[in-house]
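The values are calculated or read from the model by the stated rules, or taken from the named source; none is laboratory data. Quick caveat, the model's predicted, so the values are computed rather than measured. When we count neighbours, we look across all protein chains shown, and the Cβ atoms used for this are built from the backbone with ideal geometry, even at glycine. Areas reflect the complete protein model, heavy atoms only, side chains present, ligands, DNA and RNA absent. Shrake-Rupley method; radii C 1.70, N 1.55, O 1.52, S 1.80 Å.
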Amino acid sequence: MQDQKNSEVLVQAADEPPPSNERKLEGWQKLLLAVLCIGYATFHLMVLNVFPIETWSFRIMHIAGALAIGYLLVAAWTTDGLDGNGTWIRPIEYPPLLIALGLGGYSFFCVVYAFVAADEMMPDPWIFGTSGWPLVLSTVVAIGAGWLFKPRDHRIGWYDWILAINSLSVAGYLLFNLAALQFRAGVMPIPSDMLFSIAGVLLILELTRRVAGMALLVIAGLFIVYTFAGPYLPGILNHDGYRMDRFFSYIYTDSGILGPTTAVSSTYIILFIAFGAFLQISKVGDYFVNFAFAIAGRARGGPAKVAVFASGLMGMINGTSAGNVVATGSLTIPLMKRVGYRPQSAGAIEAAASTGGQIMPPVMGAGAFIMAEITGIPYTELIVAALIPACLYFMSVFFMVDFEAAKMGMRGMRQDELPVLSKLMKQIYLFLPIIILIGALYMGYSVIRAGTLGLVSALVVSWLSPNKMGPIGVLRALEATTKMSIQLIAVCACAGIIVGVIGLTGVGLRFSSLLLDIADKSQLIALFFAMVISIVLGMGMPTTAAYAVAASVVAPGLIQLGIPPLVAHFFVFYYAVISAITPPVALAAYAGGAIAGADPMKTSVTAFKLGLAAFIVPYMFFYSHGLLMEGEWHVILRNAATATVGVYMLSGAVMNWFHGRLPMLMRVVLFIAALMLISGGFVTDIVGIVMGAALFFWQKTRKPSEKAPLKADAEA
């Protein structure tokens, strides 16, 4: 009885983790931050569904709110281990405090005064002309203080309060001058346009550094420098250069920061993060994990197979590969180690599965929404096209997990360690939110309306379960929505800077011409070059930003090669996603290695092997458009069937297990047969099937000792 009780709580999925340097606040600051988070999420849901407002205004408030809350929520450096005693402000901090507070306070006063005096036709150039430089200097001093002085006693640092206020000052200026900015931005800027935009860019970059690390910050910084260094660079990188006033006023428009990436983060991303938050708080998300354990837990290597399904399902509504690794890996990784997987394999399996969630319809970690925004292809068409490639990826990871379990002689979990399937079947209605979401999309509802229906259905369904969501639960879900959104909003705004630079300088078109030149020699080499660029651009970046940048640089060149836009963007998207498990900078694998207690680089190499199919699948649907649901039904069916057999053989070659261990020569033969099936041609399919069948029958004739599993690393 006790074992059964334990099994019911064993597989509860962890809530989405906060950023590693999220503050552990106490008292009124914690309450204030909770109120701000709830208000921010509620504002978005109301604007999206009830009270729409002007697009630029909404995006400006969206970014400003995320910046202000983000600075209060996330410390510049972690507060863990700090002395809880001591004064709030050290004596050495008084000079920068007075400078930043005085200058920032003056700018904030000017913005407020402008709104108050608006009816008196106050000359805004005068009031804003004197407050631009103070705002920039205040921001620089406060950012520098955040780097130098750690906060004390779990309090929000004084510099973070100033940065939050400065974020509101930037938004106030933009909103007050909105009509004029839309007319003159990037063409006839005035000094205050440039100065307030500089402050806004600095604020975005600093919050991005806090929530996403240095990689994206460095890339954005290089693009900004490139804007001004163009006249001094050779070859395709050369351009005439731009004045600071033109660049910074241009970058804070819908061609840059307020462009497609922010459009997606302010609508689809925050809505589906809210959907995921309601699933988690209502414990409906836990049911998905429990169900996966009940179905696959008893199979050999059961926890790893559960990780493949559960992490894929949760990852598609999560938005970040590394975040999903931490959320579900804290449960699945210890269980994988317990049944015999090596620590590096356990961390790598979780990383590969969580990363794959970003390519799994219908949500695809928000990537499909950005793709729809950029390409103009309807969202419903995108998720249909993504179905077969996503299934091939997860089948490949599943096969590799199974082969390793067979090779190591692992067992599954005992019946008394697992949830009772018959009890879970009585709660099958908890799948309704996902069914309603997909059904609403195919009934013709907009993505926003479908997402809202899914969110509401998660709330209603919880009332039928033991974990009923009341008013407190709803508030917790809204608070979690904002906390989980901050990273992606900051990343999307930062990606908007990069996209703006690409559009302004024309470097994307130059890369397109380079790909065309390469394609004259070999289209395959051009695709390989595009793959490398997409992976490099995505290393160290969250998926959303990685795809947004790669789509601006690489996809136009592929389209000019004559590749259909759908194929070109999916090609880029896949490699931007799997950069999270590609050494040497593999964020998802590093997160999995940290939980498993394994070497990060070994974990990333193992994750790379497990995700190998994702490196081949884009070439598959390039040569066989049937895998993207394009063409006659029999062609689609044949391509899908042969590709499935191909990834099965590929998995065996990678894991060195195909109904038994393989000599090196036979392993090479199996790998070649897999590539033959994956290529999609009729003749190559026949050759691959014949080679695979011959190898299968050869395996059957081998001695039993040559097919025996190895001894598992851990006690079964």
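Determine the dipole magnitude for the chain: charges of +1 sit on the beta-carbon of Lys and Arg, -1 on that of Asp and Glu, nothing else is charged, the reference point is the Cα centre, and the result goes in debye to the nearest 20. Write down the numbers at each step before the final one.
Details: 42 positive and 38 negative charges, 448 e Å.
Charge dipole of the chain: 2160 debye, to the nearest 20.
I need the fraction of alpha carbon pairs in the chain separated by more than 39 Å, rounded to a whole percent. The partial results should precede the final answer.
Numbers: 93171 of 255970 pairs.
That fraction is 36 percent.
Between MET46 and VAL536, what is 0.36 nm times their sequence separation minus the Cα-Cα distance? Round to one decimal in nm.
On the way: separation 490, 0.36 × 490 = 176.40 nm, distance 3.86 nm.
Gain on extension, MET46 to VAL536, equals 172.5 nm.
Can you give me the relative contact order of the range 631-702 as a percent, contacts being Cα pairs under 8 Å and 6 or more apart?
Details: 71 pairs, mean separation 22.8, N = 72.
This gives 32 percent for the range 631-702.
What FRET efficiency do you get for PHE615 and LYS150 if R0 is 45 Å and r is their Cβ-Cβ distance, rounded to the nearest 0.05?
Numbers: r = 42 Å, r/R0 = 0.93.
According to the calculation, E is roughly 0.60.
Taking Cα atoms, how many degrees apart are the long axis of helix 682-700 and the longest axis of the chain, rounded to 10 and kept between 0 and 90?
60 degrees
Rounded to the nearest 0.05, what FRET efficiency is calculated for PHE115 and ARG449 with R0 set to 35 Å and r the Cβ-Cβ distance? It would help to have the intermediate numbers written out before the result.
On the way: r = 34 Å, r/R0 = 0.96.
Calculated value: 0.55.
I'd like to know how the range 631-702 sits against the 2.2 N^0.38 Å rule of thumb: what's its Cα Rg over that expected value?
1.11
Ignoring ligands, DNA and RNA, what percent of the 1.4 Å accessible area of the range 631-702 is carbon and sulfur?
On the way: 2770 of 3480 Å².
Carbon and sulfur atoms account for 80 percent of the accessible area of the range 631-702.
Would you calculate, for the chain, the mean residue ellipticity at 222 nm contributed by helices, counting each DSSP H stretch of 4 or more residues as -39,500 (n - 2.57) and dividing by all residues, to the nearest 500? Please list the in-between numbers first.
Details: 36 runs with 507 residues, N = 716.
Calculated from helices alone, the mean residue ellipticity at 222 nm is -23000 deg cm²/dmol.
Looking at this model, which pairs from LYS150/LYS609; LYS521/LYS609; LYS305/LYS426; LYS305/LYS521 are more than 32 angstrom apart at the alpha-carbon?
Details: LYS150/LYS609 41 Å; LYS521/LYS609 30 Å; LYS305/LYS426 23 Å; LYS305/LYS521 43 Å.
Among LYS150/LYS609; LYS521/LYS609; LYS305/LYS426; LYS305/LYS521, the Cα-Cα distance tops 32 Å for LYS150/LYS609; LYS305/LYS521.
Distances over 19 Å make up what percent of all Cα-Cα pairs in the range 599-670?
On the way: 1220 of 2556 pairs.
Here the long-distance tail beyond 19 Å is 48 percent of all Cα pairs in the range 599-670.
At what distance in nm do the modelled label points of ARG414 and VAL690 sit from each other, each positioned 7 Å from its Cα along Cα→Cβ?
So the label points at ARG414 and VAL690 sit 5.2 nm apart.
Once each part is reduced to its C-alpha centroid, what is the distance from the range 479-547 to the range 217-263 in angstrom?
14 Å
Between LYS700 and VAL683, what is the label-to-label distance in nm when each label sits 7 Å out along the Cα-to-Cβ direction?
That separation, rounded to one decimal, is 3.0 nm.
Order the following by accessible area, largest value first: VAL141, VAL577, VAL50. Probe radius 1.4 Å; ligands, DNA and RNA are ignored.
VAL50, VAL141, VAL577
If one computes the Cα centroid of the range 416-471 and of the range 340-374, what distance in Å separates the two points?
Using only Cα atoms, the two centres lie 21 Å from each other.
How would you rank 614-620, 277-283, 663-669, highest first, on the average number of other Cβ atoms within 10 Å across their residues? Each step should come with its number before you reach the end.
Values: 614-620: 21.9, 277-283: 25.0, 663-669: 13.6.
Those peptides, ordered most packed to least, come out 277-283, 614-620, 663-669.
Give me the angle, in degrees from 0 to 90, between the Cα long axis of helix 523-538 and the longest principal axis of the Cα atoms of the chain, rounded to the nearest 10.
Relative to the chain, helix 523-538 is tipped by roughly 60 degrees.
Once Lys and Arg get +1 and Asp and Glu get -1 on their Cβ, which of TRP56, ILE374, ILE581 lies farthest toward the positive end of the dipole of the chain?
Of the listed residues, the answer is ILE581.
Roughly how much of TYR106 is accessible, in Å² to the nearest 10, using a 1.4 Å probe?
Here the residue's solvent-accessible area equals roughly 90 Å².
Suppose all protein chains stay in the model; what accessible area per residue would a 1.4 Å probe give for the range 130-285, in Å²? Walk me through the intermediate numbers first.
Values: 5150 Å² over 156 residues.
So the range 130-285 comes to 33 Å² accessible per residue, rounded to a whole number.
Calculate the length of the line joining the C-alpha centroid of the range 45-70 to that of the range 157-197, in whole Å.
16 Å
When only Cα pairs under 8 Å and 6 or more residues apart are kept, what is the percent relative contact order across the chain? Write down the numbers at each step before the final one.
Details: 1259 pairs, mean separation 121.1, N = 716.
The normalised contact order for the chain reaches 17 percent.
If packing is taken as the average number of other Cβ atoms within 10 Å across a peptide's residues, how do 527-538, 429-440, 632-643 rank, most packed first?
By packing density, highest mean first, the sequence is 527-538, 429-440, 632-643.
Can you pull the percent of Cα pairs in the range 233-379 with separation above 20 Å?
Values: 6215 of 10731 pairs.
So the portion of pairs separated by more than 20 Å is 58 percent.
Need one value: the accessible area of PHE658 in square angstrom, 1.4 angstrom probe, rounded to the nearest 10.
Answer for PHE658: close to 10 Å² accessible.
Round to the nearest 0.05 the FRET efficiency obtained for ILE53 and GLN560 when R0 = 35 Å and r is the Cβ-Cβ distance. All intermediate terms of the calculation are to be shown ahead of the outcome.
Details: r = 38 Å, r/R0 = 1.09.
About 0.40, to the nearest 0.05.
Report the one residue of LEU103, MET244, VAL140 whose Cα lies farthest in the direction of the positive end of the charge dipole of the chain (charges on C-beta: Lys and Arg +1, Asp and Glu -1; origin at the Cα centre).
Looking along the dipole axis, the top candidate is VAL140.
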